[in-house]
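Report on the structure given below.
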Amino acid sequence: MKYLIFMDVSGDINIEAAGAQELKFIPMEYSLGDEMRTCEGMENSDLLKKFYDGQRNGDLTKTSQISPYLYEQYLEPYFEQGYSVLYLCLSSGLSSTFQSACMARTALKEKYPQQDFYPVDSLSATGGMGVLAERALRNKNNGMDLEANYEDLCQAVKHIKHWFMVQDLMYLKRGGRISAATAVVGSALNVKPILKIDEKGKLETFAKKRGNKAAAKALLENFASSYDEKSGDVIYIVDADAQDMGDYLEAEVKKLYPEAVVRRSMLSPIIGAHTGPGMAAICHMGK
């Protein structure tokens, strides 16, 4: 059975470095100032800088969900060509897109009973999805069939780790992740929350550090204690227009594991709309 690998654009992947030309994307919508845009793949750095500068200047940013009908619209042309689809979806703990994809799977299976659509709940976002996408592409290039690739990814998602920090607590406040009082006090004290995506795919604040230096140290400590260097998977360092912080994290990760493959990517606006500029993350396969 011939198949294609899709990822929605809430994930981040370095297309050039990963050689991931075969990877296809499910579009999502986001706002850029007063304009609603459709993100159809990895946005270029100039547009992303404009997006994060807009946030710094007070633009309110938002995103929209993908409906089951839109999934059918995006995927049906590939089914008409005889392809099945393996799809990496934004965590069900952060969005309802996985539920919508499962509903679309039922409809597509009725129309195309000889093919299949396998949505994978990544329990991830941003660079974590990039790690998984590279793994899926590697599996396919090594001759792994659709069902075996799906099963491998379902096991791999249990081990993906995300460690990240944000600069502006007000973005988390708007998303209901922290209280207004916490956001105001934390901002005044230069507190940087350290967050992760937990085993249920939900966002969790597990530490607070004062200043970027202490926050970066906490990211690296958590990475070092949980990284599975035997997995063969890449490490993603993602930043929301915070290149200096990304450069620092990359250098420190390479000091710890000189043989590791480290990818860099700027944060997708789909996630950046909810975390704000200056966010930095380390995403990797855990033990």
If you restrict to DSSP beta bridges whose two residues both lie in the chain, what percentage is antiparallel, to the nearest 5?
60
Tilt relative to the chain, helix 126-141 - C-alpha long axis, 0 to 90 degrees, to 10
30
Just the accessible area per residue of the chain, please: how many Å² with a 1.4 Å probe?
45
Return the FRET efficiency for the residue pair Asp53, Ala17: r is the Cβ-Cβ distance, R0 is 41 Å, and the value is rounded to the nearest 0.05.
0.95
Fraction of accessible area attributable to carbon and sulfur, the chain (%, probe 1.4 Å):
47
What residues qualify as long-range amide H neighbours of Phe117, i.e. H under 5 Å apart, gap of 5 or more or another chain, H built at 1.01 Å from N?
Val85
Around Met266, what is the net charge, scoring Lys/Arg as +1 and Asp/Glu as -1 over all other residues with Cβ under 9 Å from its Cβ?
-2
For the range 242-287, whose charge dipole is built from +1 on Lys and Arg Cβ atoms and -1 on Asp and Glu Cβ atoms, the candidate among Ser265, Cys283, Tyr248 with its Cα farthest towards the positive end is Cys283
Area of Ile15 that stays accessible when all protein chains are in place (1.4 Å probe, Å², to 10)
60
Restricting to DSSP H runs of at least four residues, report the calculated mean residue ellipticity at 222 nm for the chain, -39500 (n - 2.57) per run over all residues, nearest 500 deg cm²/dmol.
-13000 deg cm²/dmol
Listed peptides 140-146, 208-214 by packing density, highest first (mean Cβ within 10 Å)
208-214, 140-146
Dipole check, the chain, charges on Cβ (K,R +1; D,E -1), about Cα centroid: among Ala17, Ala107, Ile237 the Cα furthest to the positive pole belongs to Ile237
With an 8 Å cut-off on Cα pairs and a minimum separation of 6 or more residues, tell me the relative contact order of the chain in percent.
23
Cross-link pairs Lys196/Lys287; Lys62/Lys192; Lys202/Lys254 - those with Cα-Cα distance over 25 Å
Lys202/Lys254
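For an R0 of 22 angstrom, estimate the FRET efficiency from the Cβ-Cβ distance between Glu229 and Lys200 and round to the nearest 0.05.
Approximately 0.30, to the nearest 0.05.
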Return one number: the angle in degrees, 0 to 90 and rounded to the nearest 10, between the long axis of the Cα atoms of helix 243-256 and the longest principal axis of the Cα atoms of the chain.
80
Per the rule of 0.36 nm per residue minus the C-alpha distance, extending Tyr69 to Glu151 adds in nm 26.9 nm
hull vol. (C-alpha, convex hull) per residue for the chain, Å³ -> 120
What's the angle, to the nearest 10 degrees (0 to 90), between helix 68-80's Cα axis and the longest principal axis of the chain?
50
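The values are calculated or read from the model by the stated rules, or taken from the named source; none is laboratory data. As the structure is a prediction and not an experimental result, all values here were calculated from the model. We place every Cβ from the backbone using ideal geometry, glycine too, and count neighbours over all the protein chains shown. Just the protein is used for accessible areas: all its heavy atoms, side chains included, with ligands, DNA and RNA removed. Shrake-Rupley method; radii C 1.70, N 1.55, O 1.52, S 1.80 Å.
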